[in-house]
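Take a look at the structure set out below.
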Amino acid sequence: MIHLDLPIRLAIITTEKIRVSSHQAAFLELQKCAARYRGRYGYLEIGQVEGVQLARQLFRELGIEPTKHRPASEALLRRALKDLSFYSINNLVDVCNFCALDFLLPNGVYDRRKLKGDIVLRRGQPGEEYIGHNGQPIHLAGRYTLVDEIGPFGSPITDSIRAAVTAETDQALIVIYAPLAYPESELTDRLATFCERLVKFCQARIIDKAILTGDKPAE
């Protein structure tokens, strides 16, 4: 269970019997998606691309300045518009990158066997940190982070290697971040599409999917 007490929306997917491999089908779809963005928006400033401002709004609602720490979805879009290469890690990560670029919403994917107990999205406490995917310590004080009974393991900026998926992963948790202004009906459609792609490209069995909506701050 994930606890949310913030003015944002989360879409949650839990899976089992997922097959992580080096199969390239999802990666090819990511590349095709990048080419579509480049063909449609290549002449525009990135902030003018439809959907970018919603992800930036999400970061502002989390107290993160998006000009200093860009959503992962925007970083993928920037690579697409500049015709820079993408990198394939495995089919599960490729699906998540495909969806992040396609929806322009950041997401995180985690090995469920590496998580323990309930999960909460909260502000990081002084001294809290973890080693990110880049091998560097990520300082979490004042930033929002996903935390289980072991400690922090993910955030809308950079996830930890502690909960990273590998070739041995067979159970996964996916968290999609959206601003409160994102229409719930549209997010529901995005959630369904994400699940379909997990089934198609990773042979995943979807255990549960849900949308959590936090409360607006008191006026």
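Bear in mind that the values in this text are calculations on the coordinates, not laboratory data. Just so you know, these numbers come straight off a predicted model, no measurement behind them. Cβ sites come from the backbone with ideal geometry, for glycine too, and all protein chains shown count toward neighbours.
Taking every C-alpha pair closer than 8 Å and separated by at least 6 residues, the mean separation divided by the residue count of the chain gives a relative contact order of 38 percent.
Arranged from fewest to most other beta-carbon atoms within 10 Å of their beta carbon, Y37, Y182 become Y37, Y182. Helices that extend 15 Å or more along their long axis by alpha-carbon positions and average at least -1.0 on the Kyte-Doolittle scale are, among the DSSP H runs of the chain, 25-41, 91-103, 184-202.
Of the GluC sites (Glu not before Pro) in region 115-184, which ones lie in a loop per DSSP and count no more than 13 other C-beta atoms within 10 Å? Listed in order of number, the matching sites are E149, E168. In whole angstrom, how far apart do the alpha carbon centroids of region 49-96 and region 146-219 sit? Comparing the Cα centres of region 49-96 and region 146-219, I get a distance of 15 Å. Taking the helices alone, the chain has a mean residue ellipticity at 222 nm of -10000 deg cm²/dmol, built from -39,500 (n - 2.57) per DSSP H run of at least 4 residues and averaged over all its residues.
Restricting region 15-71 to GluC sites (Glu not before Pro) that sit in a DSSP loop and have at most 15 other Cβ atoms within 10 Å of their own Cβ leaves E45, E50. Across all C-alpha atoms in the chain, the radius of gyration and Dmax reach 16.4, 50 Å. Under the combined filter of DSSP loop state and at most 12 neighbouring Cβ atoms within 10 Å, region 72-152 retains these trypsin sites (Lys or Arg not before Pro): K82, K116. Net charge of the neighbourhood of K114, taken over other residues with C-beta under 11 Å away and scored Lys/Arg +1, Asp/Glu -1, is +1.
Taking a straight line from the alpha carbon of K82, these lysines sit under 19 Å away, with near neighbours fewer than eight places off in the same chain left out: K32.
Summing charges over neighbours of I211, with a neighbour being any other residue whose Cβ is under 15 Å away from its Cβ, gives -2 when K and R count +1 and D and E count -1.
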